[in-house]
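Everything below concerns the one structure shown next.
The values are calculated or read from the model by the stated rules, or taken from the named source; none is laboratory data. Note that this is a predicted model, so its numbers are computed, not measured. No Cβ is skipped: glycine too gets one built from the backbone with ideal geometry, and neighbour counts run over all protein chains shown. Note: accessible area is taken over every heavy atom of the protein model, side chains too, but ligands, DNA and RNA are not part of it. Shrake-Rupley method; radii C 1.70, N 1.55, O 1.52, S 1.80 Å.
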Amino acid sequence: MVNKVLAIKDRGQTVRVEVESIDWVEAAGDYMCVHSAGETHVLRSTMRKLVQQFDPQQFVRVHRSALINVKQIKAIA
């Protein structure tokens, strides 16, 4: 199931992050650091669960602990 919005609980409130705006995601133990629009949101999840929620044409797992939005790629070295 592909989500358009990712709901992230942060200090007693829920922040809605548009999936389109996510630049990249990195794993940090049992948490995911979701980088979007210059901000970092911490989500308690696994990389496997998160990958299943995103469009595989838009997000690519480039490392076991990193997922990137292909629309944010500017250059490849």
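Sort through Glu18, Glu26 and tell me the only one that's in contact with a Cys (Cβ under 8 Å, 6 or more places away or on another chain) and either open to solvent by 100 Å² or more (accessible area, probe 1.4 Å) or of a type in the set (D, E, K, R) (or both). Lay out the reasoning, then the answer.
Working: Glu18 fails: in contact with a Cys (Cβ under 8 Å, 6 or more places away or on another chain).
Result of the check over Glu18, Glu26: Glu26.
Taking the condition touching a helix residue (DSSP H, G or I) at 6+ places or on another chain (Cβ under 9 Å) and either loosely packed, with under 12 Cβ neighbours inside 10 Å or part of a loop (DSSP other than H, G, I, E, B) (or both), does Lys71 pass? Yes; evaluated as a whole, the condition is true for this residue.
Against the definition (without any contact (Cβ under 8 Å) to a residue 40 or more places away in the chain, over 14 Å from Ala66 (Cα atoms) and open to solvent by 20 Å² or more (accessible area, probe 1.4 Å)), how does Gly12 come out, yes or no? Before you say what the answer is, go through the steps one by one.
Details: without any contact (Cβ under 8 Å) to a residue 40 or more places away in the chain: yes; over 14 Å from Ala66 (Cα atoms): yes; open to solvent by 20 Å² or more (accessible area, probe 1.4 Å): yes.
So Gly12 passes the test.
Hey, could you check the range 33-52 for residues that are in contact with a helix residue (DSSP H, G or I) (Cβ under 8 Å, 6 or more places away or on another chain) and surrounded by 14 or more Cβ atoms within 10 Å (Cβ to Cβ) and say which is nearest to Gln72 (Cα to Cα)? Even if it seems obvious, please write down each step before you answer.
Start the filter on the range 33-52 by keeping residues that are in contact with a helix residue (DSSP H, G or I) (Cβ under 8 Å, 6 or more places away or on another chain), which leaves 36-37, 43.
This time we only want the ones that are surrounded by 14 or more Cβ atoms within 10 Å (Cβ to Cβ), so: 36, 43.
Numbers: Ser36: 11, Leu43: 21 Å.
Going through the qualifying residues, I end up with Ser36.
A search for C-beta distances below 9 Å between a residue of the range 52-67 that is more than 14 Å from Cys33 (Cα to Cα) and any residue that is assigned to a strand (DSSP E or B) and among the polar types (S, T, N, Q), counting only pairs 6+ apart in sequence or on different chains, returns Phe54/Asn69; Gln58/Asn69; Phe59/Asn69; Val60/Asn69.
Quick one: is Val34 without any contact (Cβ under 8 Å) to a residue 40 or more places away in the chain, out of contact with any His (no Cβ under 7 Å at 6 or more places or on another chain) and of a type outside the set (Gly, Ala, Ser)? Step through it out loud before you land on a result.
Details: without any contact (Cβ under 8 Å) to a residue 40 or more places away in the chain: yes; out of contact with any His (no Cβ under 7 Å at 6 or more places or on another chain): no; of a type outside the set (Gly, Ala, Ser): yes.
Taking the combined requirement at face value, the residue does not satisfy it.
Looking only at residues of the range 56-68 that are closer than 20 Å to Lys4 by Cα and aliphatic (A, V, I, L, M), we find that the one that is most open to solvent (accessible area, probe 1.4 Å) is Val60.
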